[in-house]
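This report concerns only the one structure given below.
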Amino acid sequence: MTRSQFRRGALAAMLSAVLAVSGLTAIAAPAAAATTTTPASATTTSATAAAASAPAASAPAATASDFDPGNIISDANFFNGNAMSAGAVQNFLNAQVSSCRAGYTCLKDYKQSTWTRPADAMCNTYTGAGNESAATIIAKVGQACNVSQSVLIVLLQKEQSLVTDSWPSQSQYTSATGFACPDTAPCDAEYSGFYNQVYKAAWQYKRYSNPPGTSAFFNWFPVGKYSNVRYHPNAACGSSPVLIQNQATAGLYYYTPYQPNAVAMSNVYGGQTDGCSSYGNRNFWRLYTDWFGDPRGSNNPHGAFDTAAPVAGGVLVTGWAVDPASDAPVNVTVSVDGVASTLTANVRLDWIPVLYPSLSPNHGFSGIVGASPGNHTVCVAKANGADLGCKSVTVASTTAAGYLDTADGVVGGVHIAGWSLNKASAAQTYIWVDIDGVGQPFKVDKQLSWTPALYPNIGNTHGYDRVVPAAPGKHQVCVYGFASVLLGCKTAYVPSNEAGTVESATGVLGAITVSGWSLDKRTTASTYVWVDVDGTGKAVYAADNSETAGAAWPSTGKRHGFTTSIAAKPGNHQVCVFGTLENTSYGCRTVTVPHNEVGSFDSATGVMGGINVSGWSLDQTKSDSTYVWVTIDGGGGGAIWAGGKLNWIEGLYPGKGPRHGFSGFFSASAGVHNVCVVGTSENVSYGCKQVTVPSSGAASWDTLTATEQQINLTGWAVDRISTDIKYVWVTVDGVGGPYMAGEALNWIDGYFPGVGPRHGFNITIKAGAGPHTVCVVATYDNQDLGCRTVEVPSTGATSIDSVTGVKGGVRITGWSVDRNSTATTYIWVNIDGVGTAIAAASKLDWINAYFPGVGPNHGIDSTLPASSGSHQVCITATFDNRNMGCSTVTVP
């Protein structure tokens, strides 16, 4: 069995329902009284059954007799997309797992990026977002598909135990709701992933209802009719007819098509099996009941009637009720056999803000309503008419009478007050006071003037008023009178015996100073506090005079103040203070200890060849000069001694002397640079500045001329702060190279003193006849000297008259001549990248007349071999390298 299979099959140790009314309903009996029986925890598991611990006695535990296979949950509760907000879902998840096992991500902490899904017949648009919490995904899916968030939470627990699991595996998230995971086959990978699973489950539940725009495909569990529902995937286990009463229940059977048999229902918190037991829909009903109340009840009444317990003269009724839209307490109507009375729901219940984040805890109700001995039906409803249910209770016939008027937490214990008597006797009686299940007797010894009038002949010593010792914190207090009859139960909050505050926590040079006061409310004796800085602390005696402490608790005196200093390095620190009597936290603060090192980066100025920087820096703990570190563009730079004299320093930092200024020069190339300065004692940053270094280069392009087959250009290039010879980059028609500017120019040293004379350039570059574009850049600082056009002359003349495809090759005709010579010239013919020289030697009688003295033999009429097809033909006159162009010809 895999881990995820085990988790799905054994949901052991589930937390009690969050709706349990803590502290109002667990009624303990005195030693002499009969005990009240509470449901036992059922934790039996099996390999195929999802078992969970039973709720605590105060929770609305699921009862098998309440399960109706044809009405598992109402449509109103199921299809309610506003059942829980994202905050309410998050609080609920937080309450189920206090802490996650190391290395695992629990559902309360799970996050996933979601994508947008367009609206369709089942769901409205879901707008995706990055890094959404599981609670947000559950809330948004519920709203988009109008499926209750409570239903989705229960489904996640039913299928994969994700809600209460403190060490979930990835596979549990992969198949979180069991969607497309049939019992008889592996899960479909297309629908894997938490967001996918939650959305598709809600989407599918809506699809089961065959909404408008879809087909009536899902019809084998028709609402209002009987359908045979199997007990198990094994058909041999049989089935029975079930009257499907609503669409929500039909959807549960479409999703998990089995009903529990009698064995599965024999213990709804167990995993007993006869080989034919199925648990999915049973567990859905049970989990929903435990966590959210009756799944078939009214649509979230926002309240609950938790207990009805017999007490002297009546019934103790407890529960809770809220108006989600207001923090004001609501009233509830309590009816005993139809006779109504009113209670206000204003009792503190700390779990209320978990379920309702915007509300305070004070929304519980607890009160005694009168009732005669015998059997009674007690019903509770909210003032708005929302029914919270009914319970049966039997009030015993007894001569005991009394009431618990007060149970309030005070320093040192619980102050109880009330009355108790035996209507048949004037004899002194006792009460039994039970605090958190541990009790003791006390005499009823206070005189009450009113008791003789109401109960004649039994005297007036029937009151009690005392403080019962109890530790600070929340306590359940129940008082029993004569014959162990319950007089009432209340929740009391005993305040801490310890009080105090942190008045200041301040960072100073090298330390943190903390002051405040702390005391024990029961004594004038001074106490200690524990001061913790970043996890390391010390005890501090709180015995200084403190007017504040004396005013807060006059009976304890004034000697409860404390002041201490704790060494600390510069930077942020977490400072926490605790009382040592009861480990009472007086809070934590973030305190910044200032640096010992201070200073300023005053200026950064770009000059030819580099950067000048200046400022000041010192260590406040000494007068010695220090250093700063300068970086340029993240590197380079170096240390500078901050030892320059600045007379004003002594006035601002007495005793530190004047020698803390710095100034320096750093070489840097021309252009924009980022300069940063830090102190070297504590690496304190003094900031960064952006500075532009001007170029020290100067250059000029003076002339550009052309002669036959060459170009000449002159000029100069110099670094004004160096004798180094520089270069220029010359390009001709886009093709370039470096040329040294090293020619002697005697005038240049006079113009730029100290650079020497060798900074001129006189460059000759070969070039074919015709126009050319020449560009020059000074390489030292990339100074662009511009581009110019020049024409290279030639004595040659060439004409290509025709280039044609003929049988067997390419025929070329034309002429080429050197106008100063009778010598034969050539053209270069390139066919598809392969070149051949052709002599211009055919006789052309006219050419000597046009170019006198050159003779007639300068014509071109040649055929070069070439295969049939298309060819690229390019021609160059070789005499002056003139490009005669290219053409495409077709050889037949």
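Within the range 667-686, the set of residues being in contact (Cβ under 8 Å) with a residue 24 or more places away in the chain and β-branched (Val, Ile, Thr) comprises Val675, Val677, Val678, Thr680, Val684. Just so you know, in the range 250-265 the residues that are within 11 Å of Arg282 (Cβ to Cβ) and touching a Phe, Trp or Tyr at 6+ places or on another chain (Cβ under 7 Å) include one that is surrounded by the fewest Cβ atoms within 10 Å (Cβ to Cβ), and it is Met265. Residue count for the range 579-592, restricted to those that are within 31 Å of the chain's Cα centre (by Cα) and buried (at least 20 other Cβ atoms within 10 Å of the Cβ): 2.
With respect to Val163, determine if the residue is surrounded by fewer than 22 Cβ atoms within 10 Å (Cβ to Cβ), assigned by TED's automatic domain parsing to the domain that holds Asn77 and not polar (S, T, N, Q).
Values: surrounded by fewer than 22 Cβ atoms within 10 Å (Cβ to Cβ): no; assigned by TED's automatic domain parsing to the domain that holds Asn77: yes; not polar (S, T, N, Q): yes.
Judged against the criteria, Val163 is not a match.
Summed over the range 856-871, residues that are in contact with a helix residue (DSSP H, G or I) (Cβ under 9 Å, 6 or more places away or on another chain) and crowded, with 16+ Cβ neighbours inside 10 Å total 3.
One residue is enough: does the range 678-691 have a residue meeting the conditions surrounded by fewer than 16 Cβ atoms within 10 Å (Cβ to Cβ), more than 27 Å from Gly637 (Cβ to Cβ) and not β-branched (Val, Ile, Thr)? No, every residue in the range 678-691 fails to be surrounded by fewer than 16 Cβ atoms within 10 Å (Cβ to Cβ), more than 27 Å from Gly637 (Cβ to Cβ) and not β-branched (Val, Ile, Thr).
Tell me the residue from Leu359, Leu349, Leu355 that is aliphatic (A, V, I, L, M) and within 17 Å of Val380 (Cβ to Cβ), please.
Details: Leu359 fails: within 17 Å of Val380 (Cβ to Cβ); Leu355 fails: within 17 Å of Val380 (Cβ to Cβ).
Of Leu359, Leu349, Leu355, the one residue that is aliphatic (A, V, I, L, M) and within 17 Å of Val380 (Cβ to Cβ) is Leu349.
When the range 357-370 is limited to residues that are in contact (Cβ under 8 Å) with a residue 60 or more places away in the chain and crowded, with 17+ Cβ neighbours inside 10 Å, the one that is nearest to Trp320 (Cα to Cα) turns out to be Gly364. Scanning the range 299-316 finds no residues that are within 30 Å of Ala180 (Cβ to Cβ), in a loop (DSSP other than H, G, I, E, B) and in contact with a strand residue (DSSP E or B) (Cβ under 9 Å, 6 or more places away or on another chain).
Could we say that Val354 is touching a strand residue (DSSP E or B) at 6+ places or on another chain (Cβ under 9 Å), β-branched (Val, Ile, Thr) and surrounded by 15 or more Cβ atoms within 10 Å (Cβ to Cβ) here? Against the criterion (touching a strand residue (DSSP E or B) at 6+ places or on another chain (Cβ under 9 Å), β-branched (Val, Ile, Thr) and surrounded by 15 or more Cβ atoms within 10 Å (Cβ to Cβ)), Val354 does not qualify. Note on the range 549-593: residues that are hydrophobic (A, V, I, L, M, F, W, C), farther than 15 Å from Thr527 by Cβ and touching a residue at least 40 places away in the same chain (Cβ under 8 Å) total 7. Residues that are in contact (Cβ under 8 Å) with a residue 24 or more places away in the chain and among the β-branched types (Val, Ile, Thr) were ranked within the range 426-440; the one that is surrounded by the fewest Cβ atoms within 10 Å (Cβ to Cβ) is Thr429. When residues in the range 404-415 are screened for being surrounded by fewer than 17 Cβ atoms within 10 Å (Cβ to Cβ) and in contact with a Gly (Cβ under 8 Å, 6 or more places away or on another chain), 2 of them pass.
Of note, Ala86 does not satisfy the criterion of being at pLDDT below 50, aliphatic (A, V, I, L, M) and surrounded by 14 or more Cβ atoms within 10 Å (Cβ to Cβ).
Going by the structure shown, is Ala383 among the aliphatic types (A, V, I, L, M) and surrounded by fewer than 19 Cβ atoms within 10 Å (Cβ to Cβ)? Before you say what the answer is, go through the steps one by one.
On the way: among the aliphatic types (A, V, I, L, M): yes; surrounded by fewer than 19 Cβ atoms within 10 Å (Cβ to Cβ): yes.
Yes: the conditions hold for Ala383.
Sort through Lys391, Lys446 and tell me the only one that's basic (Lys, Arg) and modelled with pLDDT under 95. I'd like the intermediate steps shown before the answer.
Details: Lys446 fails: modelled with pLDDT under 95.
Within the list Lys391, Lys446, the selection yields Lys391.
Would it be correct to say that Asn596 is surrounded by fewer than 21 Cβ atoms within 10 Å (Cβ to Cβ), within 30 Å of Ala471 (Cα to Cα), polar (S, T, N, Q) and within 38 Å of the chain's Cα centre (by Cα)? Criteria not met by Asn596. Taking into account only those residues within the range 446-485 that are part of a strand (DSSP E or B) and of a type in the set (Val, Ile, Thr), which is surrounded by the most Cβ atoms within 10 Å (Cβ to Cβ)? Selected residue: Val479. Scanning the range 717-728 for residues that are outside any loop (DSSP other than H, G, I, E, B) and either over 11 Å from Ile763 (Cα atoms) or of a type in the set (Ser, Thr, Tyr) (or both) turns up Ala717, Val718, Asp719, Lys726, Tyr727.
Within the range 277-297, the set of residues being closer than 20 Å to Ile352 by Cα and over 34 Å from the mean Cα position of the chain (by Cα) comprises just one member, Asp294. If we keep just the residues of the range 92-121 that are aromatic (Phe, Trp, Tyr) and in a loop (DSSP other than H, G, I, E, B), which is surrounded by the most Cβ atoms within 10 Å (Cβ to Cβ)? Within the range 92-121, the match that is surrounded by the most Cβ atoms within 10 Å (Cβ to Cβ) is Tyr110. Residue check: Gly756 meets all listed conditions (1) in contact (Cβ under 8 Å) with a residue 24 or more places away in the chain; (2) loosely packed, with under 13 Cβ neighbours inside 10 Å; (3) in a loop (DSSP other than H, G, I, E, B); (4) not aliphatic (A, V, I, L, M) but one, namely (2). Can you find a residue in the range 620-635 that is within 30 Å of Gly697 (Cβ to Cβ) and out of contact with any strand residue (DSSP E or B) (no Cβ under 7 Å at 6 or more places or on another chain)? Within the range 620-635 (the criterion being within 30 Å of Gly697 (Cβ to Cβ) and out of contact with any strand residue (DSSP E or B) (no Cβ under 7 Å at 6 or more places or on another chain)), the answer is yes, since at least one residue qualifies. Just one of (1) surrounded by fewer than 17 Cβ atoms within 10 Å (Cβ to Cβ); (2) closer than 25 Å to Gly756 by Cβ fails for Gly638. It is (2).
For the range 185-194, the criterion of being modelled with pLDDT under 95, among the polar types (S, T, N, Q) and more than 23 Å from Asn82 (Cβ to Cβ) is met by at least one residue. Reported count of residues in the range 647-676, each being surrounded by 13 or more Cβ atoms within 10 Å (Cβ to Cβ) and either over 16 Å from Glu597 (Cβ atoms) or aromatic (Phe, Trp, Tyr) (or both), is 15. Among the residues that make up the range 768-780, is at least one of them under 14 Å from Phe879 (Cα atoms), surrounded by fewer than 19 Cβ atoms within 10 Å (Cβ to Cβ) and not assigned by TED's automatic domain parsing to the domain that holds Gln872? Looking through the range 768-780, at least one residue is under 14 Å from Phe879 (Cα atoms), surrounded by fewer than 19 Cβ atoms within 10 Å (Cβ to Cβ) and not assigned by TED's automatic domain parsing to the domain that holds Gln872. Considering each of Lys443, Lys423 in turn, give the residue that is surrounded by fewer than 17 Cβ atoms within 10 Å (Cβ to Cβ) and over 21 Å from Gly313 (Cβ atoms). It is Lys443.
Can you tell which of Trp815, Trp846 is more than 20 Å from Val803 (Cβ to Cβ) and of a type outside the set (S, T, N, Q)?
Numbers: Trp815 fails: more than 20 Å from Val803 (Cβ to Cβ).
That would be Trp846, the only listed residue that is more than 20 Å from Val803 (Cβ to Cβ) and of a type outside the set (S, T, N, Q).
The values are calculated or read from the model by the stated rules, or taken from the named source; none is laboratory data. All values derive from a computational prediction rather than experimental measurement. Note that we place each Cβ from the backbone using ideal geometry, even for glycine, and neighbour counts take in every protein chain shown.
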